[in-house]
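What follows is a short report on a single structure.
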Amino acid sequence: MKNPDKIKTTGPKGLASQTMVLAAIEFMEDVGDSAFSLRKLASKIACDPMSLQYHFKSKKGLERAMAEELTRRISTISHTASWEDRLKHLAYQYREIALAYPNTFKLMQQFWSTGLADYIRAEYVCQALVDAGFNDNQVTSFCLGYYACIIGLAASEAGGLLRPADDADLQDIQRLPNQGFELTKKLAPAFNAIESGQVFAYTVNLFIEGIKKAL
């Protein structure tokens, strides 16, 4: 399904705002958030820092536009699909974007909404929940909970939290005292055997099955 989002592609002062956003995402992925600044980005794309200030007002404004650009790339499926399938599909779209743009994706956790594209997808989530039969209070609570769960999970996987335990982790566990860490030691092989996407899939299913119990 094509996303109906409007993308701003024109602007004064030389470079279009959309070009700046795309360059900012690329730069963020190259250097990370700690080294990202308007001044450094301007130097990278050979423009006046005031042009960035003109278009986005502040670093926070640019970061919001960057998060909105990633949201535009998240597709949805037909409203004829079941509400569960719609929510699961969207969740995996967020995961895909997080793995492709791990540094920029973290910005999504900083904003209640990033703009039009975000509202379009929030409407999609709310409609799925309405179609499931939830009331208004449940829809708003579950919608926010869904986003906190999905974006948090995706960011955690992209950042490395949901990866399998590696050799260094296993060595740390082996060095723990036997007393008081019996389960940690016992489960070490299972932590090491976790497959890519396993925790994400399990938690998404758990969330959807959990809210179904409220129907």
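The values are calculated or read from the model by the stated rules, or taken from the named source; none is laboratory data. Everything numeric here is computed off the predicted structure, so don't read it as measured data. Neighbour counts are summed over all protein chains in view; Cβ atoms, including those assigned to glycine, are modelled from backbone coordinates with ideal geometry. Note: areas computed on protein heavy atoms with side chains; ligands, DNA, RNA excluded. Shrake-Rupley method; radii C 1.70, N 1.55, O 1.52, S 1.80 Å.
Kindly establish whether Tyr147 is within 23 Å of Ile74 (Cβ to Cβ), part of a helix (DSSP H, G or I) and open to solvent by less than 50 Å² (accessible area, probe 1.4 Å).
Answer is yes for this residue.
Just to be sure before I move on: is Glu209 of a type outside the set (S, T, N, Q) and touching a Gly at 6+ places or on another chain (Cβ under 8 Å) in the structure I sent? Criteria not met by Glu209. One residue stands out among those in the stretch 150-163 that are in contact with a helix residue (DSSP H, G or I) (Cβ under 8 Å, 6 or more places away or on another chain) and not in a helix (DSSP H, G or I): the one that is most open to solvent (accessible area, probe 1.4 Å), which is Arg163.
Of everything in the stretch 135-144 that is out of contact with any Cys (no Cβ under 6 Å at 6 or more places or on another chain) and assigned to a helix (DSSP H, G or I), the residue that is nearest to Pro102 (Cα to Cα) is Leu144. Just one residue in the set Ala65, Ala81 is part of a helix (DSSP H, G or I), at pLDDT 95 or above and on the phi < 0 side of the Ramachandran plot; that residue is Ala65. Could you please find all residues in the stretch 197-215 being open to solvent by 70 Å² or more (accessible area, probe 1.4 Å) and either in a helix (DSSP H, G or I) or without any contact (Cβ under 8 Å) to a residue 24 or more places away in the chain (or both)? Of everything in the stretch 197-215, those that are open to solvent by 70 Å² or more (accessible area, probe 1.4 Å) and either in a helix (DSSP H, G or I) or without any contact (Cβ under 8 Å) to a residue 24 or more places away in the chain (or both) turn out to be Gln198, Tyr202, Leu206, Glu209, Lys213. A search for C-beta distances below 7 Å between a residue of the stretch 154-182 that is without any contact (Cβ under 8 Å) to a residue 40 or more places away in the chain and any residue that is in a helix (DSSP H, G or I) and among the hydrophobic types (A, V, I, L, M, F, W, C), counting only pairs 6+ apart in sequence or on different chains, returns Leu162/Val199; Leu162/Phe200; Pro164/Phe191; Ala165/Ala188; Ala165/Phe191; Leu170/Ala188; Ile173/Ala188.
Which residue pairs have Cβ atoms under 7 Å apart, sit 6 or more places apart or on different chains, and have a first residue in the stretch 45-56 that is in contact (Cβ under 8 Å) with a residue 40 or more places away in the chain and a second that is among the hydrophobic types (A, V, I, L, M, F, W, C)? Listed by first residue and then by second, the contacts come to His55/Met20. Name the single residue that is farthest from Glu29 (Cα to Cα) among those in the stretch 85-126 being among the acidic types (Asp, Glu) and open to solvent by 40 Å² or more (accessible area, probe 1.4 Å). Among those that are among the acidic types (Asp, Glu) and open to solvent by 40 Å² or more (accessible area, probe 1.4 Å), it is Asp85. Quick one: in the stretch 164-180, of everything that is surrounded by 12 or more Cβ atoms within 10 Å (Cβ to Cβ) and not charged (D, E, K, R), which residue is farthest from Arg95 (Cα to Cα)? Here the answer is Leu176. If you go through the stretch 76-127 and pick out every residue that is polar (S, T, N, Q), touching a residue at least 40 places away in the same chain (Cβ under 8 Å) and within 17 Å of Val139 (Cα to Cα), you end up with 1.
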